[in-house]
Amino acid sequence: MKSKNLSEKILKSVRTKGFKYIELPSVLETNHIVQRSGENFRKFIFSFTDHNGNELCLRPDLTIVSCLRYLENNFKGKEKIFYSGQAYRK
């Protein structure tokens with residue numbers, strides 16, 4: 001129970017400082033991971049092919065997905081965000 005109360009206090013503190021919670025996708029294109037981490041990293045990710053033949057994977061890390069979100073949305077300047085979730089690795 002102590003850890004739940006602590007988590008709630010931390011979240012309240014972060015929100016009062018103007019940070020916004022964002023949801024991050026659990027699935028991303030495998031090439032985003034392999035290009036940055038190398039072909040050897042492929043053995044650590046859960047990947048699959050969709051019905052269009054695109055290779056996708058479960059996010060092995062939250063930082064990569066948050067950076068892709070920033071780049072894809074063409075944000076300029078700063079944004080106060082926070083996120084949490086699972087990362088999936090073999």
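The lysines whose alpha-carbon is closer than 30 Å to the alpha-carbon of LYS43, local same-chain residues fewer than 8 away aside, are LYS90.
When semi-axes √(5λ) of the Cα gyration tensor in Å is computed from the coordinates, the matching label among (1) 23, 15, 11; (2) 29, 18, 11; (3) 26, 14, 10 is (2). Averaged per residue, the stretch 1-76 has 74 square angstrom of accessible surface, using a 1.4 angstrom probe with ligands and nucleic acids left out. For helix 62-72, report the angle its Cα long axis makes with the longest principal axis of the Cα atoms of the chain; keep it between 0 and 90° and round to the nearest 10°. That works out to roughly 80 degrees. Of the GluC sites (Glu not before Pro) found in the stretch 31-90, those that fall in a DSSP loop while having at most 14 other beta-carbon atoms within 10 Å are GLU79. Ligands, DNA and RNA aside, ILE10 has an accessible area near 90 Å² when probed at 1.4 Å. Here LYS76 is the anchor, and the lysines within straight C-alpha reach of less than 23 Å, apart from those fewer than 8 places off in the same chain, are LYS17, LYS20.
Ignoring ligands, DNA and RNA, what percent of the 1.4 Å accessible area of the chain is carbon and sulfur? Here carbon and sulfur together make up 54 percent of the probe-accessible area. Close amide H partners of PHE46, meaning residues 5 or more places away or on another chain with modelled amide H under 5 Å apart, are LEU58, LYS90. Legend: residues VAL65, VAL14, sorted from most to least accessible area (1.4 Å probe; ligands, DNA and RNA excluded), read VAL14, VAL65.
The values are calculated or read from the model by the stated rules, or taken from the named source; none is laboratory data. What you see is a predicted model, and the numbers here were worked out from it, not measured in a lab. With ideal geometry, Cβ positions are generated from the backbone for all residues, glycine too; neighbour counts draw on all protein chains shown. Note: areas computed on protein heavy atoms with side chains; ligands, DNA, RNA excluded. Shrake-Rupley method; radii C 1.70, N 1.55, O 1.52, S 1.80 Å.
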